[in-house]
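Asks: Handing you a structure now.
The values are calculated or read from the model by the stated rules, or taken from the named source; none is laboratory data. Given the structure is predicted, the values throughout are model-derived calculations rather than measurements. Cβ coordinates were reconstructed from backbone atoms using ideal geometry, including for glycine residues, and neighbour counts include every protein chain displayed.
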Protein chains: 2
Amino acid sequence: MARTLYELCGKDPARLFSPYCWRSRMALAHKGLSFETHHWRFTETDKIAFAKSEKVPVLVDGENVVADSWAIAQYLDAAYPDAPSLLHGRPESYHFITSWNDAIVLGGLVRLIVSDIPKILNDEAKPYFIASRTARFGMPLEEVTAGREGRLPAFRQSLQPLQRTLAAQAFLGGGQPDYADYIVFGSFMWARGVCPLPMLEPGDAVYDWMERMLDLYDGMGRRTPAA
Amino acid sequence: MARTLYELCGKDPARLFSPYCWRSRMALAHKGLSFETHHWRFTETDKIAFAKSEKVPVLVDGENVVADSWAIAQYLDAAYPDAPSLLHGRPESYHFITSWNDAIVLGGLVRLIVSDIPKILNDEAKPYFIASRTARFGMPLEEVTAGREGRLPAFRQSLQPLQRTLAAQAFLGGGQPDYADYIVFGSFMWARGVCPLPMLEPGDAVYDWMERMLDLYDGMGRRTPAA
């Protein structure tokens, strides 16, 4: 059965950098499901109109079309109940880590990396990205990230709940990763793909966890180009 | 079978204010288990020496003695598997919310309320509490909480991941509360018992959740004296 994940990429198709697409990419690997990537770039909305979505990820699994990373995670557990579980039958218990990740990790990282993102985009995507994000922040993207080296310690400090957890267990899911890990990992893969700043420091429990995550599934994360 | 929970109280035995004891109190109610409270006060270490613990909560359940709120939660799920589950067989998935609560909620609240705590303590406990907490903070407790009204907005802002989650579902556990709810609820019951400041504001999703939590189990929380 043909299985395709529509994933955001940069000018270089190997540069997969969407935090949400990484959630789905890892979820598919967790389930042991092979897939092909359809490389998608900002503004190519006509290519995913069939999914009634304007954003990726979009999963086409045989006759099933699923848009949105959260819907994809729930779909995979329902469609492949015999494969390792992503959400352990309790999707509601993953809302808090999602909210925390989106507010603190994505919200913190965007102010460190957003001005780097245009550099990796194809020429058609650049003006769209710059205009939409400049409008969102109400200032030029270089102003959003100004002084970012000095803000790195505060960002790392905001990860304290993650550090405490990962000092006590290998993964957010416990001894094995689950969808909670993929949610947070996606955020750091976004940063890794576009920005050379070291978001994490060696010796930190989150750094060690990230190394373990990069190694999963034959180094799927590690093999993806970093900035 | 006799079941007793050793719980921290103030000079007034009805003033139950330990965040950790509240986790166990709610966990017992969640399980539908009746219990008696043995009122325990700071410095009464001889009274819980039998449990090889210097802190409460301590649960005595027939012949079983369990110290520490986290151990109690796991014990209750193991000993009463037919009662509603607290941890849904996945205790490892509750570590992150615990870490977040301890760092952000308890860590934020203590700097708003610690100078109020001696006011509700019995005379024997006061000097111990003041000395130990003054040493921990390296300053008088009134200095720790100085300017606290001005810091309330920042504290409320730090609850954003909780707000996002509770705007989408009634409880952290989903449609029904689970141990994640009791962990965070215990923190707010601690503040409620000792400090008159309004930590939450009407109209906020966390405020509404707290109201629901106070109503649980015949208003067990609401019937407990507030500062």
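Asks: What is the one condition in (1) assigned to a helix (DSSP H, G or I); (2) surrounded by 20 or more Cβ atoms within 10 Å (Cβ to Cβ); (3) within 14 Å of another protein chain (Cβ to nearest Cβ); (4) of a type in the set (A, V, I, L, M, F, W, C) that A:Leu86 does not satisfy?
Replies: Just one mismatch for A:Leu86, condition (1).
Asks: Take the residues in region B:162-173 that are at the interface with chain A (Cβ under 8 Å from one of its Cβ atoms) and of a type in the set (Gly, Ala, Ser); name whichever of them is surrounded by the most Cβ atoms within 10 Å (Cβ to Cβ).
Replies: B:Gly173
Asks: Of everything in region B:107-161 that's polar (S, T, N, Q) and more than 14 Å from chain A (Cβ to nearest Cβ), which residue is nearest to the chain's Cα centre (by Cα)?
Replies: B:Ser115
Asks: Shifting gears a bit: Given the criterion charged (D, E, K, R) and away from chain B (no Cβ under 14 Å), identify the matching residue among A:Asp204, A:Asp181.
Replies: From the options A:Asp204, A:Asp181, the qualifying one is A:Asp204.
Asks: In region A:125-155, which residues are surrounded by 13 or more Cβ atoms within 10 Å (Cβ to Cβ) and in contact (Cβ under 8 Å) with a residue 40 or more places away in the chain?
Replies: Result: A:Ala125, A:Tyr128, A:Phe129, A:Arg148, A:Arg151, A:Leu152, A:Phe155.
Asks: Give the residues of region A:175-227 that are of a type in the set (Lys, Arg) and surrounded by 17 or more Cβ atoms within 10 Å (Cβ to Cβ), sorted by residue number.
Replies: A:Arg192, the sole residue that qualifies.
Asks: Check A:Lys31, A:Lys47 and return the single one that is of a type in the set (Lys, Arg), surrounded by fewer than 23 Cβ atoms within 10 Å (Cβ to Cβ) and farther than 19 Å from A:Val184 by Cβ.
Replies: A:Lys47
Asks: Further, regarding this structure: All but one of (1) surrounded by 15 or more Cβ atoms within 10 Å (Cβ to Cβ); (2) under 23 Å from A:Tyr217 (Cα atoms); (3) not polar (S, T, N, Q) hold for A:Glu36; which doesn't?
Replies: Going through the list (1) surrounded by 15 or more Cβ atoms within 10 Å (Cβ to Cβ); (2) under 23 Å from A:Tyr217 (Cα atoms); (3) not polar (S, T, N, Q), A:Glu36 breaks only (1).
Asks: State whether the residues of region A:186-196 include one that is more than 11 Å from chain B (Cβ to nearest Cβ) and part of a loop (DSSP other than H, G, I, E, B).
Replies: Yes, region A:186-196 contains at least one residue that is more than 11 Å from chain B (Cβ to nearest Cβ) and part of a loop (DSSP other than H, G, I, E, B).
Asks: Filter region B:37-69 for residues that are without any contact (Cβ under 8 Å) to a residue 40 or more places away in the chain and among the aromatic types (Phe, Trp, Tyr); which is farthest from B:Asp102 (Cα to Cα)?
Replies: Within region B:37-69, the match that is farthest from B:Asp102 (Cα to Cα) is B:Phe50.
Asks: Continuing with this model, one more query. Going through region B:165-191 one residue at a time, which ones are over 10 Å from the mean Cα position of the chain (by Cα) and closer than 13 Å to B:Leu106 by Cα?
Replies: If the condition is that a residue be over 10 Å from the mean Cα position of the chain (by Cα) and closer than 13 Å to B:Leu106 by Cα, then no residue fits.
Asks: I'd like to check something: does region B:26-43 contain any residue that is within 13 Å of the chain's Cα centre (by Cα), modelled with pLDDT of 95 or more and of a type in the set (Asp, Glu)?
Replies: no
Asks: May I ask you to list the residues in region A:54-76 that are more than 14 Å from every other protein chain (Cβ to nearest Cβ) and either over 24 Å from A:Trp190 (Cα atoms) or assigned to a helix (DSSP H, G or I) (or both)?
Replies: Once the filter is applied, which keeps residues that are more than 14 Å from every other protein chain (Cβ to nearest Cβ) and either over 24 Å from A:Trp190 (Cα atoms) or assigned to a helix (DSSP H, G or I) (or both), region A:54-76 yields A:Asp61, A:Gly62, A:Glu63, A:Asn64, A:Val65, A:Ser69, A:Ala71, A:Ile72, A:Ala73, A:Tyr75, A:Leu76.
Asks: Looking only at region A:77-133, how many residues end up being charged (D, E, K, R) and within 19 Å of A:Trp22 (Cβ to Cβ)?
Replies: Selection size over region A:77-133: 3.
Yes/no matrix, rows are residues, columns are (1) under 16 Å from B:Pro161 (Cβ atoms); (2) touching an Asp or Glu at 6+ places or on another chain (Cβ under 8 Å); (3) not hydrophobic (A, V, I, L, M, F, W, C):
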| position | (1), (2), (3) |
| --- | --- |
| A:Trp100 | yes, no, no |
| A:Val114 | no, no, no |
| A:Arg136 | no, no, yes |
| A:Glu143 | no, no, yes |
| A:Leu172 | yes, yes, no |
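Asks: Of all residues in region A:1-28 being surrounded by 15 or more Cβ atoms within 10 Å (Cβ to Cβ) and among the small types (Gly, Ala, Ser), which is farthest from A:His88 (Cα to Cα)?
Replies: Checking each candidate, the answer is A:Gly10.
Asks: Moving on to the next point. Suppose the filter is among the basic types (Lys, Arg), outside the structural domain of B:Tyr128 (by TED's automatic domain parsing) and farther than 30 Å from B:Ser93 by Cβ; does B:Lys52 pass it?
Replies: For B:Lys52, the condition - among the basic types (Lys, Arg), outside the structural domain of B:Tyr128 (by TED's automatic domain parsing) and farther than 30 Å from B:Ser93 by Cβ - is not met.
Asks: OK, next. Among the residues that make up region B:205-222, is at least one of them more than 28 Å from A:His95 (Cα to Cα), in contact with a helix residue (DSSP H, G or I) (Cβ under 6 Å, 6 or more places away or on another chain) and assigned by TED's automatic domain parsing to the domain that holds B:Ile97?
Replies: Looking through region B:205-222, none of the residues is more than 28 Å from A:His95 (Cα to Cα), in contact with a helix residue (DSSP H, G or I) (Cβ under 6 Å, 6 or more places away or on another chain) and assigned by TED's automatic domain parsing to the domain that holds B:Ile97.
Asks: Looking at region B:91-144 only, could you name the residues that are of a type in the set (Phe, Trp, Tyr) and more than 30 Å from A:Gly174 (Cβ to Cβ)?
Replies: Selection gives B:Tyr128, B:Phe129, B:Phe137.
Asks: Go over the candidates A:Thr98, A:Thr4, A:Thr43 one by one and state the one that is touching a helix residue (DSSP H, G or I) at 6+ places or on another chain (Cβ under 8 Å), away from chain B (no Cβ under 14 Å) and among the β-branched types (Val, Ile, Thr).
Replies: When all the criteria are applied, what remains is A:Thr43.
Asks: Now for a different question. Which condition number in (1) assigned to a helix (DSSP H, G or I); (2) within 16 Å of the chain's Cα centre (by Cα) is the one that B:Met199 fails?
Replies: Going through the list (1) assigned to a helix (DSSP H, G or I); (2) within 16 Å of the chain's Cα centre (by Cα), B:Met199 breaks only (1).
Asks: Right, B:Gln176: within 14 Å of chain A (Cβ to nearest Cβ), assigned to a loop (DSSP other than H, G, I, E, B) and not small (Gly, Ala, Ser) or not?
Replies: In short, yes.
Asks: Let me ask something else. If you check B:Gly147 against the conditions, is it modelled with pLDDT under 95 and at positive phi?
Replies: It is false that B:Gly147 is modelled with pLDDT under 95 and at positive phi.
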